[in-house]
Amino acid sequence: MQVPVFDLERWQSEWENRVEVNLAESGVEPLTLGELVADYGITLESLLATRLGYPQTNGSEQLRQRIATLYRGATADNVLVTTGCAEANFLVCWSRIEPGDEALLLLPNYMQVHGLVRAFGGRTSEVWLRRKTGWAPDLDDVRTRVNRHARLVVVCNPNNPTGAVLSEEQVDAVARAADAAGAWILADEVYRGAELDGKMTPTFWGRAERVLCTGGLSKAYGLPGLRIGWVVGPAEEIARLWACHDYTTIGPTALSDRAAAAALEPDRRQAILRRTRGILERNLPVVESWAASHADLVDFVSPRAGAMAWLGCPGVRDTAALAETLRTAGVLVVPAEHYAMTSHLRIGYGGDERVLSAGLARIGEALSRNSIRAGGA
């Protein structure tokens, strides 16, 4: 099996802990374990009492029940707990893609599934979200492209990298198109809960017969170090994925399971998400003000969810080279080439406001230098 290099993850893994200013992250500033205990009412005694043996491998009953409450009509039997949302996506692709199968991806999108489909011998086709419609898909294009060859329709909602959110009507339209073609939907919903307006993003769960929703605690909850993700789907399909899970990480860690279940206690969950929205509401105006003052260099549509901004750079064709220049200047961003695009940068705005401002200043300087070299393009 030939596994293509996952450019975005390799770029971040290589450099995110070695730069002065990391704006490549798409989640909010992570909580510390101490904050989880002190600020959100999780007792230290309960964590210290955790036996470090093998936990329930598909996730404890309590954790699966609390995840299920996020999806109307779901039960613990509809949930498989995984090591991060990345493993959830991997298991779906591994179990559903055979050589020659086609997956239709709404792009731009986190490119993990794109690489996995090809690694498993499948083919990819694309429907591109459109800047002029606020990064929404052309639904007629979706209906045309989903055909009897499509085994999987892949959506990231809220979207990585644009921060756009599909409406109820758009979610229904994609679900109907996939259902009519007999295709499964893989809906990566890991940014659900990080909406600027506080209105929960419509889930694909329950919209069609063959839907698998993945999510986790890494992005909206600021708990990436727990490495807790999940898949929600029909009970028989979850049992099938659990059998695949036996061949990968087997199960979550006992401590992560306990902490995740505590974090998803309803009142505590709401408090954590209020923290997330507070960070986003405080920091997004910093990006918007910077973008407005650099309107001759960037084209910017404000995100509706997630802690990332997708900056159009019309005067820069090779944003990978620009990202490398910025890296050598101590700032890490994600270039559009990691999304099979050009002329964009993804920056994260979910961290410290002062760090964000410092990073934006350096990006502005680099874009200005590029503009001068390009003759004002």
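The values are calculated or read from the model by the stated rules, or taken from the named source; none is laboratory data. A quick note: this is a predicted structure, and the numbers were derived from the prediction, not measured. Counting neighbours? That spans all protein chains shown, and the Cβs are built from the backbone with ideal geometry, glycine included.
When Arg304 is tested against the conditions (1) surrounded by fewer than 23 Cβ atoms within 10 Å (Cβ to Cβ); (2) in the same structural domain as Gly215 (by TED's automatic domain parsing); (3) within 24 Å of the chain's Cα centre (by Cα), the lone failure is (2). When we screen Ala309, Ala323, Ala361, Ala292 for residues that are in contact with a helix residue (DSSP H, G or I) (Cβ under 9 Å, 6 or more places away or on another chain), closer than 24 Å to Lys132 by Cβ and not assigned by TED's automatic domain parsing to the domain that holds Asn109, the only hit is Ala309. Given the structure, is Val37 over 30 Å from Ala336 (Cβ atoms), hydrophobic (A, V, I, L, M, F, W, C) and modelled with pLDDT of 95 or more? Answer is no for this residue.
Would you mind stating whether Glu61 is under 30 Å from Ser125 (Cα atoms) and out of contact with any strand residue (DSSP E or B) (no Cβ under 7 Å at 6 or more places or on another chain)? No; evaluated as a whole, the condition is false for this residue. Would you confirm, using the coordinates I've provided, whether Leu322 is farther than 20 Å from Glu35 by Cα and assigned to a strand (DSSP E or B)? No: the conditions fail for Leu322.
For Arg176, the conditions (1) of a type outside the set (A, V, I, L, M); (2) crowded, with 18+ Cβ neighbours inside 10 Å; (3) out of contact with any Gly (no Cβ under 7 Å at 6 or more places or on another chain) all hold with the exception of (2).
With a requirement of 2 or more residues that are touching a residue at least 40 places away in the same chain (Cβ under 8 Å), the strands (runs of 3 or more DSSP E) lying completely within the stretch 84-194 that satisfy it span 102-107, 150-156, 184-188. Residues that are in a loop (DSSP other than H, G, I, E, B), among the aliphatic types (A, V, I, L, M) and outside the structural domain of Thr328 (by TED's automatic domain parsing) are absent from the stretch 6-29 altogether.
The condition of being at positive phi and either out of contact with any Cys (no Cβ under 8 Å at 6 or more places or on another chain) or modelled with pLDDT under 95 (or both) does not hold for Gly278.
Look at Val37 and say whether it is farther than 21 Å from Asp267 by Cα and of a type outside the set (Gly, Ala, Ser). No; evaluated as a whole, the condition is false for this residue.
Could you check, for the stretch 9-24, whether at least one of its residues is surrounded by fewer than 18 Cβ atoms within 10 Å (Cβ to Cβ), within 17 Å of Ser218 (Cα to Cα) and touching a residue at least 24 places away in the same chain (Cβ under 8 Å)? Within the stretch 9-24, one or more residues are surrounded by fewer than 18 Cβ atoms within 10 Å (Cβ to Cβ), within 17 Å of Ser218 (Cα to Cα) and touching a residue at least 24 places away in the same chain (Cβ under 8 Å).
For the stretch 261-272, enumerate the residues that are more than 15 Å from Thr50 (Cα to Cα) and either part of a helix (DSSP H, G or I) or within 21 Å of the chain's Cα centre (by Cα) (or both). Explain how you work it out, then say what you get.
So in the stretch 261-272, the residues more than 15 Å from Thr50 (Cα to Cα) come out as 263-272.
Of everything in the stretch 261-272, those that are more than 15 Å from Thr50 (Cα to Cα) and either part of a helix (DSSP H, G or I) or within 21 Å of the chain's Cα centre (by Cα) (or both) turn out to be Ala263, Leu264, Pro266, Asp267, Arg268, Arg269, Gln270, Ala271, Ile272.
When Arg258 is tested against the conditions (1) more than 22 Å from the chain's Cα centre (by Cα); (2) in a helix (DSSP H, G or I); (3) surrounded by fewer than 12 Cβ atoms within 10 Å (Cβ to Cβ), the lone failure is (3).
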